[in-house]
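*Asks:* Take a look at this one; I'll ask things after.
Just so you know, all these numbers are worked out from the coordinates, no wet-lab data involved. These numbers come from a predicted model, not from an experiment. Heads up, the Cβs are rebuilt from the backbone with ideal geometry, glycines too, and the neighbour counts pull from every protein chain shown.
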Amino acid sequence: MKKLKSRVPEVALIFWIIKILSTTVGETGADFLAETMGFGMPYVALVISALMAALLFIQFAKIKRYVPEIYWSLVVLMSIVGTLITDILVDIMGVGLITLSIIFTISMAVGFMVWYKKENTISIHSIDTSQREAYYWVVILLAFALGTAIGDLISEGIAVGYGLSLLLFIGLISLVAFEYYILRTNSIQSFWLAFILTRPLGASLGDFLTQPSSAGGLAINMLVINCLFFALILGLVGYLGVKQKQLAH
């Protein structure tokens, strides 16, 4: 199989910052478009999925390498789609959050097993072929959907609340970091655990910032949060784009 240039970014602090910002936007952006703007979840899911599919086509057919603007646009779109998939299944189709969490966990496990069986690795440092990138994006979409289900289950399903949920996921991610940096656990396992956990972390952060005080939130206007986080993402991704061009010369 023909080898391609790297399709994914280096995993550094800025990666995790943008990832958390993107997952927060996925939560608040989906709610803003579907509820505040009144477009409805199915319509928003259809439109955002079409945009995501178009961008994936461009990535696979034209780009074939890591471009910060393309990569992080896909992450934001997948975050919104993953949120809407879970919300539609729960709010419209009546699937329970526990059931959904189990289904997405099994789906991710199957995805990882198929990926490993075909490629003998699930490391993001090996994403240098079209097939490996395809597995990567499928798992990421499932991770967003699973993270949404787990986040909603803990904060709403068992009524832990948004603030405590936020602290819980911060603690869990800190534990993963401790195990990786201090106990030297497997880097691939640590990455994917952190990747999954940053989804409910971002969702809990978004809900904590935007939900009314009566529900345990700070009641900050959702449009303000979306604009602020989008601006931060654009600034950081712009920085990565400039840095990548400088390194290319």
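*Asks:* Would you kindly calculate the translational diffusion coefficient of the chain, applying Stokes-Einstein with the Kirkwood radius from alpha carbon pairs, for 10 °C and a viscosity of 1.306 mPa s, and quote it in µm² s⁻¹ without decimals?
*Replies:* The Stokes-Einstein estimate is 85 µm²/s.
*Asks:* Please turn the phi angles of segment 45-54 into ³J(HN,Hα) values with the Karplus equation 6.51 cos²θ - 1.76 cosθ + 1.60 (θ = phi - 60°), one per residue in order, whole Hz, x for glycine and proline.
*Replies:* Once θ is set to phi - 60°, the couplings for segment 45-54 become 4, 5, 5, 5, 5, 5, 4, 4, 4, 5 Hz.
*Asks:* What is the order of Lys243, Lys117, fewest Cβ neighbours within 10 Å to most?
*Replies:* Result, fewest neighbours first: Lys117, Lys243.
*Asks:* Another question about this same structure. How big is the convex hull of the Cα atoms of segment 112-249, per residue, in Å³?
*Replies:* Cα convex hull per residue, to the nearest whole number: 146 Å³.
*Asks:* Can you work out ³J(HN,Hα) from phi for every residue in segment 127-142, in order, using Karplus 6.51 cos²θ - 1.76 cosθ + 1.60 and θ = phi - 60°, giving whole Hz and x for Gly and Pro?
*Replies:* 6, 9, 9, 4, 5, 5, 5, 4, 4, 4, 5, 4, 5, 5, 4, 5
*Asks:* Rounded to a whole number of µm²/s, how large is the Stokes-Einstein D of segment 1-86 at 25 °C and 0.890 mPa s, given Rh as the Kirkwood radius over C-alpha pairs?
*Replies:* 178
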